[in-house]
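Student: I have a structure I would like to understand better, so I am pasting it below and will then ask my questions one at a time.
The values are calculated or read from the model by the stated rules, or taken from the named source; none is laboratory data. Values in this document were obtained by computation on a predicted structure and should not be read as measured data. When we count neighbours, we look across all protein chains shown, and the Cβ atoms used for this are built from the backbone with ideal geometry, even at glycine. Each accessible area value is taken on the protein alone, full model and side chains, heavy atoms only, with ligands, DNA and RNA left out. Shrake-Rupley method; radii C 1.70, N 1.55, O 1.52, S 1.80 Å.
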Amino acid sequence: MLLDSKNALDYQDLKIINHIEDEGRCLILVLNKWDTEKNKKEKINILKNKIKLSLPQFGDISIVTISALRNEGIKKLKLAIVDAKKNWEKKFATSKLNKWLEIKTSEHPPPMLKGRRIKLRYITQIKSRPPNFLIFSSRQDLPENYKRFLFNSIRDQFSLKNVPIRLTFRVGKNPYVNS
């Protein structure tokens, strides 16, 4: 997403970025006209804070500064694009994902509802481009804050930067219940 450094992340930019997320595409923010910026560090810090508030679904987004007029920053942009594409196409073994889930649920167990603890049975990646994960659990009513905890944890653990992640929950069938 190419942004003008003077008025980066205005309403229209955020609307386009939300559409990018809905479509499951990678995102790299490119600030053009960087050569005209006076307070570069301050501008980057303001932009990072705005990103944390407005775009939490992407996690840590790459910000690349360029000057199209002076042809500066293009190599950094190419490297960021290649890196984002690798993250977008990443595939993970189910065993690796289940090991992660086991560690996370032992460190921070799912909450109890109606006197019974929700069990997260296993996780698998059902698709890449963007990474889609499916977690099978004992109940459907897993609280949103715990889902967010798992979402952020999977992003951090597997270094999924600049990529929207899809995390779905499904209740597994109980083999002991007669239909």
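Student: Taking R0 as 30 Å, what FRET efficiency do you get between Asn18 and Val177 from their Cβ-Cβ distance, rounded to the nearest 0.05?
Tutor: Taking R0 as 30 Å, the efficiency between Asn18 and Val177 is 0.15.
Student: Let me ask something else. Can you give the Kirkwood hydrodynamic radius of the chain from its Cα pairs, in Å with one decimal?
Tutor: Value: 18.4 Å, from the Cα pair sum.
Student: Under 20 Å from the Cα of Lys40, which aspartates and glutamates turn up, not counting those fewer than eight places away in the same chain?
Tutor: Within reach: Asp4, Asp10, Asp60, Glu72.
Student: Next up: Just the number: Rg to Rh for the stretch 1-75, Cα atoms, Kirkwood Rh, two decimals.
Tutor: 0.96
Student: Next up: Filter Lys52/Lys104; Lys127/Lys173; Lys78/Lys104 down to the pairs with a C-alpha to C-alpha distance above 27 Å, please.
Tutor: Over 27 Å Cα-Cα: Lys78/Lys104.
Student: Something else: About the Cα centre, and with charges only on the beta carbon of Lys, Arg (+1) and Asp, Glu (-1), how big is the dipole of the stretch 20-114? Nearest 20 debye, please.
Tutor: Here the stretch 20-114 has a charge dipole of around 240 debye.
Student: Hey, can you find the accessible area per residue of the chain for me, probe 1.4 Å, expressed in square angstrom?
Tutor: 63 Å²
Student: Taking the simple approach of a point 7 Å from Cα along Cα-to-Cβ for both Ala68 and Ile44, what is their distance in nm?
Tutor: In this crude label model, Ala68 to Ile44 measures out at 2.2 nm.
Student: Next question, about the same structure. Long-range amide H contacts for Leu31: which residues qualify at under 5 Å (H placed 1.01 Å from N, peptide plane, sequence gap of 5 or more or a different chain)?
Tutor: Hits under the 5 Å cutoff: Leu3, Val64, Thr65, Ile66.
Student: Which of rounded, prolate, oblate describes the stretch 68-153, given a ≥ b ≥ c as roots of the alpha-carbon gyration tensor eigenvalues and a/c under 1.5 marking rounded, otherwise prolate only if a/b is larger than b/c?
Tutor: Prolate.
Student: May I ask you to derive the relative contact order of the chain, considering only C-alpha pairs under 8 Å and at least 6 residues apart, and to give it as an integer percent?
Tutor: 23 percent
Student: Related question: Divide by every residue of the chain the summed helix terms, -39500 (n - 2.57) for each DSSP H run of at least 4, and state the resulting mean residue ellipticity at 222 nm, rounded to the nearest 500 deg cm²/dmol.
Tutor: -12500 deg cm²/dmol
Student: Additional query: With springs connecting C-alpha atoms under 10 Å apart, model the chain as a Gaussian network and identify which of Glu21, Glu37, Glu89 has the largest mean-square fluctuation.
Tutor: Glu37
Student: Report for the chain the percent antiparallel among DSSP-assigned beta bridges with both residues inside it, nearest 5.
Tutor: Bridges in the chain that DSSP calls antiparallel: roughly 40 percent.
Student: Next question. What are the ³J(HN,Hα) values, in whole Hz, obtained from phi via the Karplus relation 6.51 cos²θ - 1.76 cosθ + 1.60 with θ = phi - 60°, for each residue of the stretch 67-72 in sequence order, with x given for Gly and Pro?
Tutor: Karplus values, whole Hz, x for Gly and Pro: 10, 5, 5, 9, 6, 10.
Student: So which lysines pass the test for Lys99, namely a Cα distance under 16 Å, with those fewer than 8 places away in the same chain ruled out?
Tutor: Straight-distance partners of Lys99: Lys91, Lys119.
Student: Further, regarding this structure: Give the aspartates and glutamates reachable from Lys75 as a straight Cα distance under 12 Å; neighbours fewer than 8 places away on the same chain don't count.
Tutor: none
Student: Further, regarding this structure: Report, in degrees rounded to the nearest 10, the 0 to 90 angle that the Cα long axis of helix 94-107 makes with the longest principal axis of the chain.
Tutor: Orientation of helix 94-107: about 80 degrees from the principal axis.
Student: Give me the dipole magnitude in Debye, nearest 20, for the chain about the Cα centre, with unit charges on the beta carbon: positive for Lys and Arg, negative for Asp and Glu.
Tutor: In debye, rounded to 20, the chain gives about 580.
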